[in-house]
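Structure first, commentary second.
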Amino acid sequence: MAALSDREQPDRTGRRAGWGQRASLAPLDVPAAITRFLAQVRPLVSVTVENEIWPNRARILDRQGIPRVIVGARMSVRSAERWAKMPALIGPVLGGISVLSAQDGATEERLLRLGLPEAALTGKLNLKLLAPARIVARPSGPLRDVTILAASTHEGEEAVVLDAYLSARVAHPDLRLILAPRHPERGNEVAALIAARGLSFARRTQGAGPGDHPVFLADTLGEMARWYDAAAVCVTGGSFTDRGGHTPWEPAAHLCATLHGPHVANFADDYGALDQAEASLAVSAETLGAALDALAGDRARVARMGEAAHALLHHRAGNPDPLLARIADLALQRTCTSAR
């Protein structure tokens, strides 16, 4: 829980967060603890992130006239079914919310059925996607158009990518590959896999750049944005071995057409939406080479996929400005009420 306060919290209760506000631990959902906390902080507005549902906190905030805002709410089918069995508990919690932004339409519908006032709803917002949505992608160029990035690969995946790359390169000899293992300390192991296939390659740890050789081993940390910008097609790692997959939204932010394997449980809904929008493509280890071959021969399709992924990212991230404006209005109203 965050609080817009009419006075600074004392240093002993927290520390200054990186974005310039004081931070402290929220109180337990016990009336005495909540009452003491509110007396000390004196918030103008209570802002809760995602799924924090605390009945005592909600009741006391409502009793003190402190508006409650929920940002980026998400409720699964299972959670909604559990709360539906406790209408006397969840009803007042949701009924007193002033403003709520959900991550998706399904969450909005579930919360409305459980008692959220429709007037409280504001535009959908996914806090985790706001940062990638702010990325300004670099314009494409001739070298980027023929470059594939295998991002955050794990043991067992580099061999799959290298064999697929070799297969696609038969028809497209100018094709390039950037291999960025999830754990750069595996650099020597991955370098051995590349060398075993007779491919000419360079390593970032040796000072090379991605345009120096057909295959580039990005065996450093902290430079993934650079590699996304350098490639038109991204193969997301963690999806060809059973590791749940890695985020598709970073490649989407950089206008990459994305290929992924079958193991995407960590981002199943995200990849499903991207696949449906023809912004990404699900492949197997056996069909990756054919998919790379097809995309290498169809740059217009690659561009369409990248644009579609970028558009879906911005749609899902949402625009925080209307929500911030409503929070500011609530704080101003509270200030005026307190001054009377």
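The values are calculated or read from the model by the stated rules, or taken from the named source; none is laboratory data. Just so it is clear, the model here is predicted, and its values are computed rather than measured. FYI the Cβ positions are ideal-geometry reconstructions off the backbone, even for glycines, and counts take in every protein chain you see.
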| field | Cβ-Cβ under 6 Å pairs, at least 6 apart or on other chains, the range 285-302 side of a type in the set (D, E, K, R), far side in a helix (DSSP H, G or I) | value | Asp293/Ala168; Arg299/Asp145
| Only one residue in Asp229, Asp212 is over 21 Å from Gly289 (Cβ atoms), of a type in the set (Asp, Glu) and out of contact with any strand residue (DSSP E or B) (no Cβ under 9 Å at 6 or more places or on another chain), so which one is that? | Asp229
| task | Go through (1) within 19 Å of Ala285 (Cβ to Cβ); (2) among the aliphatic types (A, V, I, L, M); (3) over 15 Å from the mean Cα position of the chain (by Cα) and name the single condition Leu255 misses. | result | (1)
| Search result, residues across the range 269-292 that are buried (at least 17 other Cβ atoms within 10 Å of the Cβ) and hydroxyl-bearing (Ser, Thr, Tyr) | Tyr271, Ser280
| Among (1) farther than 18 Å from Ile148 by Cβ; (2) outside the structural domain of Ser46 (by TED's automatic domain parsing) - the single one Gln333 does not satisfy | (2)
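Can you find a residue that is in contact with a strand residue (DSSP E or B) (Cβ under 6 Å, 6 or more places away or on another chain) and closer than 30 Å to Met86 by Cα anywhere in the range 127-146?
Keep residues of the range 127-146 that are in contact with a strand residue (DSSP E or B) (Cβ under 6 Å, 6 or more places away or on another chain), which gives 127, 146.
So of that shortlist, the ones also closer than 30 Å to Met86 by Cα come out as 127.
Yes: one or more hits.
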| message | What pairs come out if I take residues in the range 198-216 that are more than 13 Å from Ala230 (Cα to Cα) and aromatic (Phe, Trp, Tyr) and pair them with residues that are at pLDDT 95 or above and not in a loop (DSSP other than H, G, I, E, B) whose C-beta lies under 8 Å away, six or more apart or interchain? | response | Phe201/Ala191; Phe201/Ile194; Phe201/Ala195; Phe201/Val215; Phe201/Phe216; Phe201/Leu217
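Test of understanding: among Arg42, Arg68, Arg16, which residue is touching a strand residue (DSSP E or B) at 6+ places or on another chain (Cβ under 7 Å) and at pLDDT below 90?
Matching residue, one of Arg42, Arg68, Arg16: Arg16.
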| field | Scan of the range 33-47 for residues that are assigned to a helix (DSSP H, G or I) and of a type in the set (A, V, I, L, M), ordered by number | value | Ala33, Ile34, Leu38, Ala39, Val41
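Rundown of residues vs (1) closer than 24 Å to Arg301 by Cβ; (2) touching an Asp or Glu at 6+ places or on another chain (Cβ under 8 Å); (3) assigned by TED's automatic domain parsing to the domain that holds Ala303, yes/no style:
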| residue | (1), (2), (3) |
| --- | --- |
| Leu149 | yes, no, yes |
| Glu158 | no, no, yes |
| Ala164 | yes, no, yes |
| Ser167 | yes, yes, yes |
| Ala171 | yes, yes, yes |
| Leu179 | yes, yes, yes |
| Gly187 | no, yes, yes |
| Pro214 | yes, no, yes |
| message | Quick check on the range 139-154: of everything there that is in contact with a Lys or Arg (Cβ under 7 Å, 6 or more places away or on another chain) and of a type outside the set (A, V, I, L, M), which residue is nearest to Trp249 (Cα to Cα)? | response | Ser152
| the range 173-190 - residue that is out of contact with any His (no Cβ under 9 Å at 6 or more places or on another chain) and under 26 Å from Leu295 (Cβ atoms) and, of those, surrounded by the fewest Cβ atoms within 10 Å (Cβ to Cβ) | Pro173
| task | State which residue is nearest to Ser152 (Cα to Cα) when the search covers only the range 212-268 and only residues that are polar (S, T, N, Q), surrounded by fewer than 24 Cβ atoms within 10 Å (Cβ to Cβ) and in contact with a His (Cβ under 9 Å, 6 or more places away or on another chain). | result | Thr241
| field | Inter-residue pairs, beta-carbon under 6 Å, first under 20 Å from Ile66 (Cβ atoms) and in the range 90-119, second of a type in the set (D, E, K, R), 6+ apart | value | Gly96/Asp62; Ile97/Arg68; Ser98/Arg68; Val99/Arg326
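Applying the selection to the range 296-324, what residues are of a type in the set (A, V, I, L, M) and either surrounded by fewer than 20 Cβ atoms within 10 Å (Cβ to Cβ) or farther than 17 Å from Leu143 by Cα (or both)? Can you show your working first?
Residues of the range 296-324 that are of a type in the set (A, V, I, L, M), as a first pass: 296, 300, 302-303, 305, 308-309, 311-313, 317, 323-324.
The answer is Ala300, Ala303, Met305, Ala308, Ala309, Ala311, Leu312, Leu313, Ala317, Leu323, Leu324.
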